[in-house]
Amino acid sequence: MSQLSSFDWPGAIARAHAHAPYLSRGLDRLPELSELLAQGRGEEALAWARRAGEGAPDTGVALRREKQALALALAIGDLAGAFPLLQVTGTLSDFADRALDAAIVAGIRRRAPDFDPTEQSPGFFALTLGKHGARELNYSSDIDPILLYDPALLPRRERDEPGEAAQRVARSVVEILSNVTAEGYVFRVDLRLRPASEVSPLAISADAALTHYETSALAWERAAFIRARACAGDLEAGRQFLTAIRPFVWRRSLDFGAIDEIGRLTAQIRASTRGKAEAGPGFDLKKGRGGIREVEFYAQVHQLIHGGRNPALRLRGTRETLDALAAAGLIGADEATLLGESYDRLRVIEHRLQMVQDQQTHALPATPEALDNVARLDGVPSGEALVAEVAAITARVGDLYDGLIPTQPAGSRGSSTPVEALPDMLERLGFADPAATAERIDSWTSGRMRALRSDAARAAFEAIRADLLAALAASPEPASALARWERLLENLPSAINLFRLLEARPGLTVRLARILGLAPPLADALARRADLLDPLIDASALDLPGDVPALIDEFSRFEADDDYQRILDAVRRRVGEWRFALGVQLIEGTRDPIAIGAALSRVAEAACHVLTDAAIADFRRVHGVIPDSEFLILALGRFGGGVLTHASDLDVVFLFTGDFARESDGPRPIGGTLYYNRLCQRVIAALSAPTAQGALFEVDTRLRPSGSQGPPAASVDSFERYQREQAWTWEHMALVRARPVYGSPAARDELDHAVRTVLAMPRDPEQLRRDVLEMRATMASHKPPRGPLDIKLARGGLVDLEFTVHFLQLRDHVGLDPDLGRAVAALVDAGLVSAELAAAQVTLTGFLVAARLLAPDSQLPPEAGREALARSCGCDDWNAVMAGLAQARGVVAQAWRAAFGEELEIAS
């Protein structure tokens, strides 16, 4: 079917004959293909080109014929406007994959003629990087594969050593693809991107390559592997290799050192580029300022910084990467469009240069005649117009690039102001005993700190030292902040990324100093994981997390090949980041503490859901499922009530539905009761066991029917029966805060109904009163307040408020809601408590959430900590905090007297 009405096929052919001798010769040499193109039958022409090698005497000839035909069809379709850029580059890249694969098979068969790739693994594979990896090959691109092999699988003669056999295959691949014959060539093959190319053989064993990337790879190799993929040979082995080196490419922490690394590389490229530095005749479209490579680097530096934390950025194509960066809010949408359209246009012009003589050139011609020729091939009136267009594009790109990536190395930027002596600096900043403090700081870089033993680490630290010490001095508690910074350094095996992050985001240094000075739990968390600072570079770090379904989606973003352990680590990372960010919000007083507590509960519920799913999936691989049965989790305590603190355990009961006598259907079947008890242990470990990313939650299952001594799981039927017939009053008080957090909607509804039924049972009010008072007296004698700020256990505190509320809930069957705030509001509406108790509940709960972070030992903190607590609680000063707590405790005492007819003794 002709496409002449839509695209300019005749004009394309005419321009090719007039301005591109290489294409003109191809049109003359392949008349059948030329006729298809003249008729505008572009897709048929591509299909014809793919068959051009059929019947050839050997692989090399077949590939050369296909390459020439394919290049011609794509070029004419490109000039006609029928084939967009990504179709052209993608088709060329797909052909390069096929060519490499065919060359590998042919190379193996030279020594193992019986090799059949459909029957056995070749034990040999090619990774492709750069434009080929991104499926963005141009007309005259080299290909830069890395050739790897498995000594145990590579087909060879019995007397051949695996290493020598692999070198023969590699040499054959290069010969088949690169040698120039009467039929031309297929691709120039450049193997210099392989590990240690100056000393290594052409093909390297996969294990040796893995060792290189894990131990001694250079910075540029990380950037190169952003676009890596397995393209030929044993593709599955190639994918497994890339999975193994993923941590090398995609670092979990933000890596602002990538900016300096690429800045140095850019400076070297610009300095070594031949031709004009600015657009004009002889300008290099690829390496010049604002050219193709700088657009690619612009995308890649963002990927290197953020891609370890955001898998959505781990893309190969330049345009798709720019769009993903815009979608993630890391660059503006207008910026992505400008860079993307500039990139496409420069690539098109690059193609025109290469169409003329099939030369691997990226430079505009130096003479006016040659410039005019390329311009007219492209459809531009003159070389002068083409240069003007290129100048405008590269100026815009270059300005954007220079704003992101300085081309001076870190440490060489800035003024030449003399360096201030450290003791003088410390004295000026107000540190006590500056001479001793200076000696202490100097010891960090003299070998005491593992994280500061390398020259690079010391240089990176030196770049932030003045700003860091100023921030520590200005923090609420300078001495504490300095000590906690020191402990953080002692615990870190490497701190270069941390130093570079603080250099790139100076405002973060001030925030870090406040954290170190005010919040010991957050400082301890940083000492274990310095990358917890990473999310704080984004303003959204001061947002609250979404609802539970949104968090489940966030925590479930794994790589397709992530195993169970990686899933545990990934969830721990994200939960740790949210807990840390929410703690920062408490310190800075940007959110109501109860909103923070509710957010902590949502984070915990989502993590519980995702990790339970993962534990069940892993467990089922061995034991299968129990038919017509499912697993449930019932949250109690603060978790059930939906407001946690940074120190909260997760109080849960594990339950299951169905017939416990049934057996599972997996490879290793077991009975229902044993099945769920083992599954409980797996879920508890998923939630609480420390991994490489640290611990997560403490899980408390002592509220289950059998207590701490019995099996961890119970059937829903036995749980309900126990609660109706045997449970103590305190267990029903705990049940008031019960909330199903895991299980199918139908099973959760049934469990919730069973709980509500138990809570609605008729009770003897006087017996209930005696039970509650006895339990509170026992708790007071065994668990006294830990300090003056223990607002939970102090008389008139939260425990007394909760006991009062639960007593009234069970006695009058009013406000049976696990959320304490809503329960109190219902009791107020029913006239059972005063409206002041609702305000007291907010005051006491909010203080508890803040104090668990800012005064975790319940002792009176230093003045700066008191100010932070006041700010978190929405009070003007510490006196207002204490007055508010005293008033709230008095209200609780009044409610206690009204409910129980007893006075509470409240210590001042």
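Brief remarks follow.
- Where helices (runs of 4 or more DSSP H) fall wholly inside the range 537-651, the ranges with 2 or more residues that are crowded, with 17+ Cβ neighbours inside 10 Å and over 26 Å from the mean Cα position of the chain (by Cα) are 593-623, 637-641.
- Only listed residue being of a type outside the set (V, I, T) and either modelled with pLDDT under 95 or not in a helix (DSSP H, G or I) (or both), chosen from A336, A366: A366
- Looking at E136, E161, just one residue is over 30 Å from P84 (Cβ atoms) and among the charged types (D, E, K, R), and that residue is E161.
- In this entry, R529 is excluded by the filter for residues that are modelled with pLDDT under 95, in contact with a Phe, Trp or Tyr (Cβ under 6 Å, 6 or more places away or on another chain) and at negative phi.
- Restricting attention to the range 827-841 and to residues that are open to solvent by less than 30 Å² (accessible area, probe 1.4 Å) and within 46 Å of the chain's Cα centre (by Cα), the residue that is farthest from L885 (Cα to Cα) turns out to be L827.
- Qualifying residue in the range 267-284 (condition: at pLDDT 90 or above, of a type in the set (A, V, I, L, M, F, W, C) and within 16 Å of K131 (Cβ to Cβ)): no
- Test set (1) assigned to a loop (DSSP other than H, G, I, E, B); (2) at pLDDT 95 or above - E341 fails condition number: (1)
- Annotation note: of L127, L100, the sole residue that is under 13 Å from G233 (Cβ atoms), assigned to a helix (DSSP H, G or I), open to solvent by less than 10 Å² (accessible area, probe 1.4 Å) and in contact with a Cys (Cβ under 8 Å, 6 or more places away or on another chain) is L100.
- Scan the range 726-749 for residues that are in a helix (DSSP H, G or I) and either in contact (Cβ under 8 Å) with a residue 40 or more places away in the chain or of a type outside the set (D, E, K, R) (or both) and the total you get is 10.
- Hits in the range 183-219 (condition: in contact with a Phe, Trp or Tyr (Cβ under 9 Å, 6 or more places away or on another chain) and either open to solvent by 60 Å² or more (accessible area, probe 1.4 Å) or farther than 25 Å from A96 by Cβ (or both)): E214
- Consider the range 220-238 and keep the residues that are part of a helix (DSSP H, G or I) and either surrounded by fewer than 16 Cβ atoms within 10 Å (Cβ to Cβ) or more than 21 Å from the chain's Cα centre (by Cα) (or both). The one that is modelled with the lowest pLDDT is W220.
- Across the range 7-49, the number of residues qualifying as in contact with a Phe, Trp or Tyr (Cβ under 8 Å, 6 or more places away or on another chain) and within 21 Å of P84 (Cα to Cα) comes to 7.
- Condition check for R871: among the basic types (K, R) and either farther than 26 Å from P784 by Cβ or in contact with a helix residue (DSSP H, G or I) (Cβ under 9 Å, 6 or more places away or on another chain) (or both): yes
- Qualifying residues in the range 391-423 (those that are modelled with pLDDT of 90 or more and open to solvent by 70 Å² or more (accessible area, probe 1.4 Å)) - the one nearest to the chain's Cα centre (by Cα): D399
- The set of residues in the range 469-513 that are among the charged types (D, E, K, R) and more than 25 Å from D424 (Cβ to Cβ) comprises R487, E490, R500, R505, R511.
- Selected residue (criterion: most open to solvent (accessible area, probe 1.4 Å)) from residues of the range 782-801 that are without any contact (Cβ under 8 Å) to a residue 40 or more places away in the chain and part of a helix (DSSP H, G or I): H782
- Taking the range 679-715 as the range and being within 20 Å of F639 (Cα to Cα) and β-branched (V, I, T) as the test, the residues that pass are V683, I684, V699, T701.
- Search result, residues across the range 37-61 that are open to solvent by 20 Å² or more (accessible area, probe 1.4 Å), in a helix (DSSP H, G or I) and not polar (S, T, N, Q): A38, E43, E44, A47, W48, R50, V61
- Of all residues in the range 350-372, those satisfying the criterion of being open to solvent by 40 Å² or more (accessible area, probe 1.4 Å) and out of contact with any Asp or Glu (no Cβ under 9 Å at 6 or more places or on another chain) are Q357, Q359, A366, T367, E369.
- Selection of the range 467-493 for residues being open to solvent by less than 50 Å² (accessible area, probe 1.4 Å) and more than 31 Å from the chain's Cα centre (by Cα) yields A470, A473, P476, E477, P478, S480.
- Candidate set: the range 6-36, residues that are among the small types (G, A, S) and more than 14 Å from L72 (Cα to Cα); chosen: the one least open to solvent (accessible area, probe 1.4 Å): G11
- Within the range 863-879, being in contact with a Gly (Cβ under 9 Å, 6 or more places away or on another chain) and open to solvent by 20 Å² or more (accessible area, probe 1.4 Å) holds for R871, C873, G874, C875.
- For A685: the one exception among (1) part of a loop (DSSP other than H, G, I, E, B); (2) open to solvent by 10 Å² or more (accessible area, probe 1.4 Å): (1)
- Once the range 722-744 is narrowed to residues that are touching a strand residue (DSSP E or B) at 6+ places or on another chain (Cβ under 8 Å) and closer than 12 Å to V758 by Cβ, the residue that is surrounded by the fewest Cβ atoms within 10 Å (Cβ to Cβ) is Y722.
The values are calculated or read from the model by the stated rules, or taken from the named source; none is laboratory data. For clarity, every value in this text was computed on a predicted model and none was experimentally measured. Note: ideal-geometry Cβ built from the backbone for every residue, glycine included; neighbour counts use all protein chains shown. The accessibility values were calculated without ligands, DNA or RNA, using every heavy atom of the protein model including side chains. Shrake-Rupley method; radii C 1.70, N 1.55, O 1.52, S 1.80 Å.
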